[in-house]
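I have placed the structure first, in the form of structure tokens, so that the comments after it can refer back to it.
What follows draws every value from the coordinates through simple rules; no lab data is involved. Note that the structure is predicted; figures quoted are calculated from it, not measured. When we count neighbours, we look across all protein chains shown, and the Cβ atoms used for this are built from the backbone with ideal geometry, even at glycine.
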Amino acid sequence: MMIAQLLNQNVDVCARLHHLRHADFRKGRRLGKYDHIIVWTMNLSHVRCKSPDMVRVEFRTTFLAYNLIRLTAASAAFRSDQKPRSISFTSTCQFVLSGWAMHASGLMSGKALRRVCDQLLKRIAKCRVGNRPGRLEPRVIKRRRHGYPLRQKPRHVLQKELRKHCT
């Protein structure tokens with residue numbers, strides 16, 4: 001959160017790399033013997049927008065959603081006297097999305113909504129990240145998002161070709 005606030009104020013961040021993290025010095029820009037600039041991304045290889053302005057909007061929206069999920073997990077952890085990183089990020093996302101439908105309906109009073117949110121935070125606090133000692137998982141992508149080729153012909157042409165091969 002502190003890094004996000006500093007970057008929002010156009011302040012660069014300098015931090016020592018944790019001794020258990022591997023640094024790939026082939027990426028980024030080397031400044032000196034022990035200095036290296038690395039830019040973090042947020043898994044936004046799937047950006048859908050094409051104009052620079054809309055890409056910025058999509059990035060900011062993703063960044064905002066990520067921080068709101070982390071804030072929700074931190075709130076649940078605080079209420080249950082846990083560490084924020086011990087709460088499952090994926091489970092928090094699922095609970096927030098399921099609770100969103102009730103909130104978006106607008107049929108609940110403020111008091112009822114507060115009660116539902118309190119229950120939601122209690123449920124989120126129960127979704128803990130498992131203790132996985134010795135777990136070692138490679139950071140690789142197993143397969144592409146979709147196994148289909150890109151469409152390179154108009155839809156009506158492809159439909160015509162499909163009809164030829166159907167009986």
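For residue 25 paired with residue 3, estimate the spin-label separation in nm (one decimal), with each label point 7 Å from Cα along the Cα-to-Cβ line.
Those two pseudo-labels are separated by 2.0 nm.
Taking springs between alpha-carbon atoms closer than 10 angstrom, which of 152, 94, 119 fluctuates most in the Gaussian network model of the chain?
152
Just the Cα atoms of the range 2-91: what Rg and Dmax do they give in Å?
16.4, 45
Roughly what would the spin-label model give for residue 34 and residue 80, points 7 Å off Cα along C-beta, in nm?
4.1 nm
Size of the dipole of the chain about the Cα centre, Lys and Arg at +1 and Asp and Glu at -1 on the beta carbon, nothing else charged, in debye to 20? If you can, show how the numbers build up before the last one.
Working: 35 positive and 9 negative charges, 152 e Å.
About 740 debye.
Taking all pairs of distinct Cα atoms, average 1/r, flip it, and tell me the Kirkwood hydrodynamic radius of the range 41-133 in Å to one decimal place.
Numbers: mean 1/r = 0.0672 Å⁻¹.
Taking the inverse mean of 1/r over all distinct Cα pairs, the range 41-133 comes out at 14.9 Å.
I'd like the distance separating the alpha-carbon centroids of the range 80-94 and the range 1-25, in whole Å.
So the two Cα centres are separated by 22 Å.
So how far apart, in nm, are the two label points at residue 118 and residue 50 if each is 7 Å from Cα heading toward Cβ?
Here the answer is 5.1 nm between the modelled labels.
Taking the Cβ of each residue in 102, 2 as the centre, tally the other Cβ atoms inside 10 Å and list the residues starting with the fewest.
Numbers: 102 15, 2 7.
If I rank by nearby Cβ atoms, fewest first, I get 2, 102.
Per DSSP H run of n ≥ 4, the term is -39500 (n - 2.57); total these for the chain, divide by its residue number, and report the mean residue ellipticity at 222 nm rounded to 500 deg cm²/dmol.
Result for the chain: -16000 deg cm²/dmol, rounded to the nearest 500.
Note the listed values (1) -1.04, -1.44; (2) -1.25, -1.46; (3) -0.94, -1.45, then indicate which one is log10 I(q)/I(0) by the Debye sum over Cα atoms at q = 0.16, 0.20 Å⁻¹ calculated from this particular structure.
For log10 I(q)/I(0) by the Debye sum over Cα atoms at q = 0.16, 0.20 Å⁻¹, the calculated option is (2).
Grab the Cα-Cα distance for residue 104 and residue 159, subtract it from 0.36 nm times how many residues apart they are, and report the gain in nm with one decimal. Don't jump to the answer; show the numbers that get you there.
Details: separation 55, 0.36 × 55 = 19.80 nm, distance 3.96 nm.
So the extension gain works out to 15.8 nm.
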